[in-house]
Amino acid sequence: MLEIEGLTKFFGGLAALSGVDMSVKPGEILGLIGPNGAGKTTFFNLVSGVLRPTRGRVIFEGNDITSQKTHHIAKRGIVRTFQATNICPDFTVLQNIMLSCHLKPKIGLLETVFHTPSSRRKEKDVLHRSQAILELVGLDPMADVIARSLAHGHKRILGIAIALAAEPKLLLLDEPLSGMNAKEVSETMELIHRLWQSGITILLIEHNMRAAMNLCQRIVVLNFGKKIAEGLPEEIKGNKEVIQAYLGAGEHAA
């Protein structure tokens, strides 16, 4: 589904990412891990079009999307979440999802201005679709709650729901479990598994190593902008270079 060839990004004289090759297969959960500063978020920014690479190519479903803008890449089906939640804090939970559904131009300007029967029908479809997304992620009881008043974990899940409104084929999750308590981590892991079961391919960055090992079928490890390992979770656990990278950063791979 996704092929990365020699992906490189320099900021001034510093290589944030250097010659990374990797692929994402259709229908898998692939983990991208590494110590702080390894280049993981830079990788997401390059794949999603937020940044342009210095060198290398990003190929999605056989098409070179390296130089395409973020909204064009999203239309193709690559959608991402962010470490900082991307919600509208003064909107309700349901309004956040409906707004995101409207980002796909299915209702024409004239339809909206004249409030035609077709626009009313499409608005009803947006409402039903938004409610279905909230039910899928478990936020349907909070549909009328103002987003700013949600607990941290629920805000993170709302961020995932907003991404789902864009109908992703490949969902990029940037530290979806960050700042969550044990119960929230468990619930969000179950949600990610359900999304995968629904047919969405997932690439995730995660610092919670135990969660990453349990969720992902394969794992790619970055350190100082370079890929140092790739393989099954059990192979990564025992990889000496990976262990050294985490121990050198004062973190644990367990």
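The values are calculated or read from the model by the stated rules, or taken from the named source; none is laboratory data. Bear in mind the structure is a predicted one, so any value in this text is a computation, not a measurement. When we count neighbours, we look across all protein chains shown, and the Cβ atoms used for this are built from the backbone with ideal geometry, even at glycine.
State yes or no: is residue 212 among the aliphatic types (A, V, I, L, M), at pLDDT 90 or above, closer than 21 Å to residue 38 by Cα and buried (at least 17 other Cβ atoms within 10 Å of the Cβ)? Taking the combined requirement at face value, the residue satisfies it.
Considering the stretch 2-70, the qualifying strands (runs of 3 or more DSSP E), each wholly inside and each with 3 or more residues that are more than 15 Å from the chain's Cα centre (by Cα), run over 2-11, 14-24, 55-60. Of all residues in the stretch 93-116, those that are under 22 Å from the mean Cα position of the chain (by Cα) and either at pLDDT 90 or above or surrounded by 17 or more Cβ atoms within 10 Å (Cβ to Cβ) (or both) total 8. The residue of the stretch 215-229 that is modelled with the lowest pLDDT, among those that are surrounded by fewer than 20 Cβ atoms within 10 Å (Cβ to Cβ) and in contact with a Ser or Thr (Cβ under 9 Å, 6 or more places away or on another chain), is 224.
Comparison of 198, 119, 149 shows that the only residue that is modelled with pLDDT of 90 or more and under 30 Å from residue 72 (Cβ atoms) is 198.
The number of residues in the stretch 163-188 that are under 14 Å from the mean Cα position of the chain (by Cα), at pLDDT below 95 and surrounded by fewer than 21 Cβ atoms within 10 Å (Cβ to Cβ) comes to 5.
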